[in-house]
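**Q** Structure incoming, see below.
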Amino acid sequence: MQFMLLFSRQGKLRLQKWYVPLSDKEKKKITRELVQTVLARKPKMCSFLEWRDLKIVYKRYASLYFCCAIEDQDNELITLEIIHRYVELLDKYFGSVCELDIIFNFEKAYFILDEFLLGGEAQETSKKNVLKAIEQADLLQENFSSQSPHNCLSTP
Amino acid sequence: MSDVVEKTLTALPGLFESQTGAAKITNRLRQLIKSITELTSKHEEENLIKRELSAIKEQVSSPNTTMKQMREIMVRAMYCEMLGYDASFTYIHAIKLAQQGGVLEKRVGYLAVSLFLNEGHELLLLLVNTVLKDLQSTNLIEVCMALTVVAQVFPKDMIPAVLPLVEDKLSHPKEIIRRKAVLALYKFYLIAPNQVQHIHAKFCKALSDKDPGVMASSLHIYLQLIRESPDSYKDLTGSFVTILKQVLGGKLPVDFNYHSVPAPWLQIQLLRILSLLGKEDQSTSELMYEVLDESLRRAEMNHNITYAILYECVKAVYTIHPKAELLEKAARCIGNFVLSPKINLKYLGLKALTYVVQHDAKLALQHQMTIIECLDHSDFTIKRETLELLFRITNAQNVTVIVEKMLDFLRSCNDEHTIIHLIGKVAELAEKFAPDNSWFIQTMNDVFSIGGDLLQQDVPNNFLRLLAEGSESKEEDDQLRLYAVESYLTVLKGHTSHLPQCFLQVMSWVLGEYAHLQESVDRREVIRLLTQLLDQRSVSSETRVWILSALTKIPEGQTDLILDLAESLSSSQDTVLRQQAQELRHLSQDSQLREWVLPRGAPWDGIEVDSSLSFLDGFVSEALAAGAAPYKPPHQRQEELCEDRALNLEPYSFSLPVSLSSCSITDRQSPTLLSVSSGLSGNSAELSQKAGSSTLILEGVKRVWGKDGYLPQKEATAPPVDEPSAAVQPASQQEAAERIEPRPEPSTQNQDKQQLASSLFVGLGVGSSVSLLGKSEAPPPRFRKKPRPHESSSSSGTSKRSSDSSSHSSRNTTDSFLYGSFPEEEPATSISTFDHTPKSTTANGLSQNKDTKEDRHANTSQILGGDMVIVRPSTIQDKHPPSVSSDLTALLPADLKDLPHSDVISLTSDPSLSLSSCRLFRDEALLLVIFISNCTETVIKDVAVQLTCEELKTASLRGNVMDCLEARSTSVCHYALLMDDPHTNVSLTGTVSYQTQPGHTNTLPFSGTLSTADFIRPLVVTTEEYGKLWLSLSHDVKQNLKLLTDAGDPLRTTLNALKDALQLHVVDIIGSEGIVACRLLSGAPCLLHCRVNGAALAMWLRSPHPALPDFILYHCQRALAHH
C-alpha cells in the first residue's frame, strides 16, 4: 500500500498515512486531487479507481471516506477488507466509532493503524491481538501517569 | 459498515460531556478543534491556525515547558500539519520528545516523527541514538515503539547501527516483538537489500515460527525475494503448500478468522507466492494443483473476502503451468464475478478476463452480453476496464468496431493519463489490423486530433516511418500515401486553428513528401494551404519549421509564390524561420542544387544517422596519438575531481592512446572498429580504469561487420507478432465453450446489442476457424514494416517499449524527417551553401540576442526609460511617434494598483493600435502589464498578444486574447514572469495580431528587454539570521566598487543608492561595514557584505546560486556608474 487517507464528506482530511516518501507539496497535491475525484463519484459506482499509475480503493463509512492507494498487481478486494478491518478495530476500541472520535483522538487512530499496518503491509490481522497491543500500551500509560502525580493529565 | 452509528457534528456538544477516561482530550486541542468547526471561511481558519502556530512556537521554545505539555503541543502541531499548515519548527521537538520523554510522551514523539519526517530527512539522524537506546530497553512497550518507528522511517545509512539489535529481536520470547522485527527487516530489505543479505537463514526461521502472526509477516519478505529471483526459492514450494493446506484446514487459531474465513490475508499472500513459483515451471506447478483446487472449492461463501481469495486463486491458476481441470473451474469462477450484480465484483471479473483472454480468447465470448453492457456503463472505471479487455481481443475482423468504441470513449474523457494510455493502444490496433487505407488514415487522424500534443512522440514517428518506408509493394504504398495527402488537404481546407501541433507537423511532412503523387491537385493550392498555416498565431514555432521544410520540398514551378513567401518571412523575428526562408529562396531559384539536396523519391532508409560521430574517429585518434587528453564528459570530470582527493588504490593501468591507436588505425575501413573507437573516445576515462583486462567493451555497439564481411540484420526484422497463442489450450476447454455457445434467442430490445456483440466478437467464435487470438489464420497485418538497420524498437509496438530507446530513435527520425532526404555525405556542406546564416538552430538564442542589440543601436534614440527598447518597423516610425500616456497606470486592475511599478513606456504602435507596458514588482514574480489601446474610432476584433522569452517562465497570463476592443479604449493584459536562472538582460519578443476588417489580420511585432534587477527582491532578515545564512552559503565573489563620496556618509549614501536601484534590503550598518540582503524573486538569496576600503567599497557577495552574485555585482556597478 502506498498511502491511506481518511477524509470527511466535506473534503476535510482526518487522517493521512504515507508509506512512500513524498514531498509535502506532492502529498498536498495528491490529497487535493483524490479528495475531489472520490467525492465526485456516485454511491452506486464501484469502489476502485484507476488514478495515475496507481489504483485507488475507497469506501465510505457514514460521513467518512477511507481511501487507499495500491499498486496495479495488488488485490483490490482484500484492500477493501483492510479498510473494513481497520474500521472494525476503531469501532471496537472507541465503542461504536464516529467521525468525531477520530477527529478528537486522531493520535489514537494512528496508534491503532500502526499496530494493524506497518510500512504499508498488514502486520497483524487478528483483531484480538491488535487491540491487546493497544490496550497494553494504554494501560502502561495510565499506570505510569498515576504513579507520578507530576505527569497527571489535566482533566478538562 | 451498517453497525457504525452515524453521528454528525450536531452531536458535538453532547460529546464533550461524554468524554471520559479512555478518550481524554487535552484542553487546548479540544478548543482548537472546536473553534475550527465553528469557523465559516477558509480565511478565518488560516488566521486561527496562524495564531495557534505562533502560540506553539512560543511554548516549544520556552524552557519552562514540561514534557507533558510538550506532548499536548505535539498533538496540536500534528493536527495543524494535517490541515495542511507548515509546522516544521516542531520537528526537532518531536525528536526530543521521543528522546527525553517518559513512555507516555515517547509514544506521541515517535508518532509525530513518523508522520512528520520522510525517509531522507536529515533530522532523522538525531533519532538513531534514541532508537538504539529503546531497542535495548527492558520495557516491552518501548521496544515495540522503537521497532514501529524503524519499520516506517529510518535513514538508510544508519541501518548497520541498529541491524544487530533488530536481528536479535527475531528470537525474542514475545511474538509481537518478533513480528515487528521481521517487518523492520522487510523495510530494510526494501531500501537497502545488500545490508540484510546475510540474514536469509533467519528469515527462514521466521517462516517456521510457531506464531502465525510472525510467520505471516515473514511472507512479505519472501514475496519480495521470490519476485526478484523465483528460481532460488523453488525448494520452499512444499512448505508454502503445506502452510496453505493448514490454513485451509482450519488449523490456525480462531482469532485469525475474518468473517469466518481462516486468515484470508495469509491465504492471498501464499497464493501470490505460489503463482510466482509455478510460473513456467511444470514440476513446481504440479506440487500446487491439489491445494489450488481445494482453495477454489473452499471459497464458497458469498462474501467479499472469499471473492478476494478466489480472484487471487484464478490468477494463480492461469499463471502457473496449465492444468485443464483447474482452468475449467477457474473459468467458471470468473463467470461468477462477471455475472455478479455487485459492481466491485463485476470490475474484478473484467480485470480477470483481461488477464485470461491472453491465454484463452474464447472466455470473452461467453460473457459478450455482459461486456456490451459494461461498455455503456455509467461508471468510468468499468468502461475503461472494458475497453482494456476489448483491446486484448481485437482482431482484423472486429477492429473497426472496437476502435470506434475506444475513440468514442476518448472523446468524452478528460483525464490526461487515460488519454495517453488508450490513444497509444488505438494507434497500435490501427497499425496492426487496419482493413483498408482510408480507414487507417481516418483513424490516425482521430488519434492525432484527440491525443493532440499529449501523444507519446513515438506514435507520430511510427506513423511517418510506416508511410515513408512502405511495404514490399510500391503501388500499395503510393495508394496509402495518396489517401493521406487527399485526407489532409480536406482537413486543411476546414478549420485548422484547433488542430494540435503534432497533427499539423505530420500533415505538413506528408504533404511536402507526397503531394506530388496526386496529379489532380494544384500545387499552388497545397502551397497556399501550408502558407495559411504559417499565418496562424496558434501554430508553434517548431511546427512552422516543419511547414517550411514541407514547402521547401514541393517541386519547382511555383517560384513566384515561394519567393513571395520567402520575402515575407525574411523579416521574421524568428531566426530559424529567417534562415529557412533563405534556403527556400535559394533552392527555388536553383533547380540543380535542389535536385541534389532533395532528390525526389530517394529511398530514405539509406539514410543512417551516425550519432556516434565515427567519421571524426581519424581526427580523434590522431589527436590522441599526438598526446591530447582523452575526452571526458563534464559529469565524469566532476567525479574525477572528487576522486582525485582520495587515494588511488587501482594498480597502474595502460595509457589509453596506445591501445586506441593500435585498434583504430589497423583497419580504417571497418565500421565496427571505427565505432568501437568512437565509443572509446566517449568513455575513455572509464575504459582506462578497466584497461587492465584490456577487453573492448562492445555493449551497445552495433555489429555491422563481421570477419566474413557485412552481417545481415536479422534481429531487426520484427513483424507485428501477436502474443504467442494459448496453444496449450486443452480440448475440453473448447468443448465447454461450445456448450455455452448457443445463446437464447435475442429479445427485440436486445437486438442492437446482439448486433454489436456479433461485430465485437467476430473472429473469436468457435464456428469460425479463428478461435484463438493471433493464430496464423488471422490475415497478415496490413502494414508490415521493412526491416531497418537502425531500428531500435521492434514494430510489434507494445506500449511497454523501453522508453529510452524509443525516445532515442524517435529523435533520430525527427531529425531526418525535417530534412526529408538529405544526402548522407557531408551534411555540413549542404547547409553551408546557404551563406546567409551559417549557424543553424543551435545558435538560435545567441543570434537573436545579437539581433536585438543591433536593433538597439539602430534605434538608440528610442530608449525611453528602464531597459525597454522599442523595435518598430522603420516605415511607420516617423509617422507615429510613441506617445506615452502616464495615466495608463490608472487602468491597472485593483489588486495590482498598490504594487510598486515602473514608468509606463510605449512598446509599439501603428495607426490603429498602440501598445505600452509597465513592470510591476510582485514578491514572487515580475508582472509585465501590457496596455493595448485602440486609437481608431472603430472596433478592433480578435486582438491577441503573444509574448516569447526563452529565459523566463510565464507563471500566468491574463487578458492576452480579446474578441473585440472598443473604439478609443484600452485593454490590459498581464504576464507573471519568473526567472529561475539569472541572466544580465533577457530580451522579450512578441507580436500582437488583430483584425480591423474581418478576414484581414494585421500583426505588429514588438520587443523589449528586462534586466535581472527587475527580478531582485529585498530579503528581510535580522543581523543574526544574516550571520547564520552567510556561513551556510558557498558561492562567493569579491570586488571593489566605486564609493559615492559626494555626501556626508559615503557608505550610507552608496548603500541607499544601491537600495533604490536594485530593491536591496539594508540589514545593518556597523561603522564602516554594511550588510545587505536580497533574493531572486522568492528563490535563491544573495548576501552582500560591504566595507569601506579607502576610496572604494569592498563588496563581498555570497549566494547558494553560483551565478547570482556576478549578476548582482554587475547591476551594482551599473547603478553606481549611473549615479
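The values are calculated or read from the model by the stated rules, or taken from the named source; none is laboratory data. Computed from a predicted structure; not experimentally measured. Cβ: placed from backbone, ideal geometry, glycine included. Neighbour counts: every protein chain shown.
**Q** Quick one: which residue in B:Lys106, B:Lys96 is within 14 Å of chain A (Cβ to nearest Cβ) and among the charged types (D, E, K, R)?
**A** On the way: B:Lys96 fails: within 14 Å of chain A (Cβ to nearest Cβ).
Sole residue among the options that is within 14 Å of chain A (Cβ to nearest Cβ) and among the charged types (D, E, K, R): B:Lys106.
**Q** With the requirement that a residue be among the hydrophobic types (A, V, I, L, M, F, W, C) and more than 14 Å from chain A (Cβ to nearest Cβ), what does region B:169-181 give you? Before you say what the answer is, go through the steps one by one.
**A** Initially, region B:169-181 is screened for residues among the hydrophobic types (A, V, I, L, M, F, W, C), giving B:170, B:176-177, B:181.
Within region B:169-181, B:Leu170 is the sole residue that qualifies.
**Q** A further question follows. For region B:323-346, enumerate the residues that are away from chain A (no Cβ under 14 Å), charged (D, E, K, R) and part of a helix (DSSP H, G or I).
**A** B:Glu325, B:Glu328, B:Lys329, B:Arg332, listed by residue number.
Listed here are the residues, each with its yes/no results for (1) touching a His at 6+ places or on another chain (Cβ under 7 Å); (2) within 12 Å of chain A (Cβ to nearest Cβ); (3) closer than 22 Å to B:Gly250 by Cα; (4) modelled with pLDDT under 85.
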site	(1), (2), (3), (4)
B:Arg298	no, no, yes, yes
B:Tyr311	no, yes, yes, no
B:His321	no, no, no, no
B:Leu350	no, yes, no, no
B:Thr354	no, yes, no, no
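**Q** For region B:128-147, what are the residues that are in contact with a helix residue (DSSP H, G or I) (Cβ under 9 Å, 6 or more places away or on another chain) and either within 13 Å of chain A (Cβ to nearest Cβ) or not in a helix (DSSP H, G or I) (or both)?
**A** Filtering region B:128-147 down to residues in contact with a helix residue (DSSP H, G or I) (Cβ under 9 Å, 6 or more places away or on another chain) leaves B:128-137, B:139-147.
Answer for region B:128-147, where residues must be in contact with a helix residue (DSSP H, G or I) (Cβ under 9 Å, 6 or more places away or on another chain) and either within 13 Å of chain A (Cβ to nearest Cβ) or not in a helix (DSSP H, G or I) (or both): B:Gln136, B:Ser137, B:Asn139, B:Leu140, B:Ile141, B:Glu142, B:Val143, B:Cys144, B:Met145, B:Ala146, B:Leu147.
**Q** Further question on the same structure: What do you reckon, is A:Leu13 among the aliphatic types (A, V, I, L, M), surrounded by 13 or more Cβ atoms within 10 Å (Cβ to Cβ) and under 21 Å from A:Glu107 (Cα atoms)? If you could, list the steps in order and put the result at the bottom.
**A** Working: among the aliphatic types (A, V, I, L, M): yes; surrounded by 13 or more Cβ atoms within 10 Å (Cβ to Cβ): yes; under 21 Å from A:Glu107 (Cα atoms): yes.
Criteria met by A:Leu13.
**Q** Here's another thing I want to ask about it. Residues that are in contact (Cβ under 8 Å) with a residue 40 or more places away in the chain, surrounded by 17 or more Cβ atoms within 10 Å (Cβ to Cβ) and not β-branched (Val, Ile, Thr): does region B:192-203 have at least one?
**A** No, region B:192-203 has no match at all.
**Q** For the subset of region B:367-387 comprising residues that are surrounded by fewer than 21 Cβ atoms within 10 Å (Cβ to Cβ) and under 27 Å from B:Lys323 (Cβ atoms), which member is nearest to the other protein chains (Cβ to nearest Cβ)?
**A** Out of the qualifying residues, it is B:Thr370.
**Q** Still on this structure, please answer the following. Return the residue satisfying two criteria in turn: it lies in region B:1060-1084 and is more than 41 Å from the chain's Cα centre (by Cα) and among the charged types (D, E, K, R), and of such residues it is surrounded by the fewest Cβ atoms within 10 Å (Cβ to Cβ).
**A** Filtering region B:1060-1084 for residues more than 41 Å from the chain's Cα centre (by Cα) gives B:1060, B:1066-1075.
Now narrow it down to the ones that are among the charged types (D, E, K, R): B:1060, B:1068, B:1073.
Working: B:Asp1060: 11, B:Asp1068: 13, B:Glu1073: 13.
Looking at residues that are more than 41 Å from the chain's Cα centre (by Cα) and among the charged types (D, E, K, R), I get B:Asp1060.
**Q** Quick check on my filter: what residues within region B:1027-1056 are assigned to a helix (DSSP H, G or I) and closer than 14 Å to B:Ile1069 by Cβ?
**A** We begin by selecting, within region B:1027-1056, every residue assigned to a helix (DSSP H, G or I); these are B:1027-1032, B:1050-1056.
Scanning region B:1027-1056 gives B:Pro1050, B:Leu1051, B:Arg1052, B:Thr1053, B:Thr1054, B:Leu1055, B:Asn1056.
**Q** Only helices (runs of 4 or more DSSP H) wholly contained in region A:41-143 count here; list those with 3 or more residues that are modelled with pLDDT of 90 or more and more than 7 Å from chain B (Cβ to nearest Cβ). Don't jump to the end; show me each part of the working.
**A** Working: elements: A:76-94, A:99-104, A:106-116.
Passing ranges, in order: A:76-94, A:106-116.
**Q** May I pose another question? Considering (1) modelled with pLDDT under 90; (2) at the interface with chain A (Cβ under 9 Å from one of its Cβ atoms); (3) not in a loop (DSSP other than H, G, I, E, B), say which one B:Leu125 fails and leave the rest.
**A** Of everything listed in (1) modelled with pLDDT under 90; (2) at the interface with chain A (Cβ under 9 Å from one of its Cβ atoms); (3) not in a loop (DSSP other than H, G, I, E, B), B:Leu125 misses just condition (2).
**Q** Only one residue in B:Ala263, B:Ala184 is crowded, with 23+ Cβ neighbours inside 10 Å and either away from chain A (no Cβ under 14 Å) or more than 24 Å from B:Val150 (Cα to Cα) (or both), so which one is that? Steps first, answer last, please.
**A** Details: B:Ala184 fails: either away from chain A (no Cβ under 14 Å) or more than 24 Å from B:Val150 (Cα to Cα) (or both).
The match here is B:Ala263.
This table checks each residue for (1) within 18 Å of A:Thr79 (Cα to Cα); (2) surrounded by fewer than 19 Cβ atoms within 10 Å (Cβ to Cβ); (3) free of Cβ contacts under 8 Å to residues at least 12 places away in the same chain.
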{"position": "B:Ser217", "(1), (2), (3)": "yes, no, no"}
{"position": "B:Asp235", "(1), (2), (3)": "no, yes, yes"}
{"position": "B:Leu244", "(1), (2), (3)": "no, no, no"}
{"position": "B:Gly278", "(1), (2), (3)": "no, no, no"}
{"position": "B:Gln282", "(1), (2), (3)": "no, yes, no"}
{"position": "B:Ala308", "(1), (2), (3)": "yes, no, no"}
{"position": "B:Tyr311", "(1), (2), (3)": "yes, no, no"}
{"position": "B:Ala316", "(1), (2), (3)": "no, no, no"}
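**Q** Exactly one of (1) over 22 Å from A:Ala137 (Cβ atoms); (2) touching a Ser or Thr at 6+ places or on another chain (Cβ under 8 Å); (3) at pLDDT 90 or above is unmet by B:Ala112. Its number?
**A** (1)
**Q** Would you point out which residue out of B:Val150, B:Val166 is crowded, with 21+ Cβ neighbours inside 10 Å, within 10 Å of another protein chain (Cβ to nearest Cβ) and closer than 20 Å to A:Ala133 by Cβ? Before the answer, list the steps.
**A** Working: B:Val166 fails: within 10 Å of another protein chain (Cβ to nearest Cβ).
After applying the criteria, what remains is B:Val150.
**Q** I've got another one for you. Would you mind listing the helices (runs of 4 or more DSSP H) fully within region B:158-208 where at least 3 residues are of a type in the set (A, V, I, L, M, F, W, C) and under 28 Å from B:Glu122 (Cα atoms)? Talk me through it step by step, then tell me what you get.
**A** Working: elements: B:159-169, B:175-191, B:200-207.
Once the helices (runs of 4 or more DSSP H) in region B:158-208 are filtered for at least 3 residues that are of a type in the set (A, V, I, L, M, F, W, C) and under 28 Å from B:Glu122 (Cα atoms), what remains is B:159-169, B:175-191.
**Q** I'd like to know if region A:22-38 contains one or more residues that are surrounded by 13 or more Cβ atoms within 10 Å (Cβ to Cβ), acidic (Asp, Glu) and either more than 7 Å from every other protein chain (Cβ to nearest Cβ) or within 20 Å of A:Glu121 (Cα to Cα) (or both).
**A** Just the residues of region A:22-38 that are surrounded by 13 or more Cβ atoms within 10 Å (Cβ to Cβ), to begin with: A:22, A:24, A:27-28, A:30-32, A:34-35, A:37-38.
Narrowing the set further to residues that are acidic (Asp, Glu) leaves A:24.
The next check asks that each one be either more than 7 Å from every other protein chain (Cβ to nearest Cβ) or within 20 Å of A:Glu121 (Cα to Cα) (or both); those that pass are A:24.
Yes, region A:22-38 contains a residue that is surrounded by 13 or more Cβ atoms within 10 Å (Cβ to Cβ), acidic (Asp, Glu) and either more than 7 Å from every other protein chain (Cβ to nearest Cβ) or within 20 Å of A:Glu121 (Cα to Cα) (or both).
**Q** Inside region B:901-941, can you point out the residues that are surrounded by fewer than 18 Cβ atoms within 10 Å (Cβ to Cβ) and closer than 11 Å to B:Leu888 by Cα?
**A** B:Asp903 - this is the single residue of region B:901-941 that is surrounded by fewer than 18 Cβ atoms within 10 Å (Cβ to Cβ) and closer than 11 Å to B:Leu888 by Cα.
**Q** May I pose another question? How about region B:300-309: which of its residues are within 11 Å of another protein chain (Cβ to nearest Cβ) and out of contact with any helix residue (DSSP H, G or I) (no Cβ under 6 Å at 6 or more places or on another chain)? Talk me through it step by step, then tell me what you get.
**A** First pass over region B:300-309, keeping only residues within 11 Å of another protein chain (Cβ to nearest Cβ): B:303-309.
Those that are within 11 Å of another protein chain (Cβ to nearest Cβ) and out of contact with any helix residue (DSSP H, G or I) (no Cβ under 6 Å at 6 or more places or on another chain): B:His303, B:Thr306.
**Q** Here is a further query. Sort out which residues of region B:173-191 are touching a residue at least 24 places away in the same chain (Cβ under 8 Å) and of a type outside the set (A, V, I, L, M, F, W, C), and write them in order of number.
**A** Taking region B:173-191 first, the residues touching a residue at least 24 places away in the same chain (Cβ under 8 Å) are B:174-191.
Of everything in region B:173-191, those that are touching a residue at least 24 places away in the same chain (Cβ under 8 Å) and of a type outside the set (A, V, I, L, M, F, W, C) turn out to be B:Lys174, B:Glu175, B:Arg178, B:Arg179, B:Lys180, B:Tyr186, B:Lys187, B:Tyr189.
**Q** Since B:Ala87 meets every condition but one in (1) in contact (Cβ under 8 Å) with a residue 12 or more places away in the chain; (2) surrounded by fewer than 16 Cβ atoms within 10 Å (Cβ to Cβ), which condition does it not meet?
**A** (2)
**Q** Also: Report, ordered by the first and then the second residue, all pairs with beta carbons closer than 8 Å, sequence separation of six or more or different chains, a first member in region B:889-906 that is in contact (Cβ under 8 Å) with a residue 40 or more places away in the chain, and a second member that is of a type in the set (Ser, Thr, Tyr).
**A** Here the result reads B:Leu891/B:Thr970; B:Ile905/B:Ser916; B:Ile905/B:Ser917; B:Ser906/B:Ser883; B:Ser906/B:Ser914; B:Ser906/B:Ser916, each pair linking region B:889-906 to a residue that is of a type in the set (Ser, Thr, Tyr).
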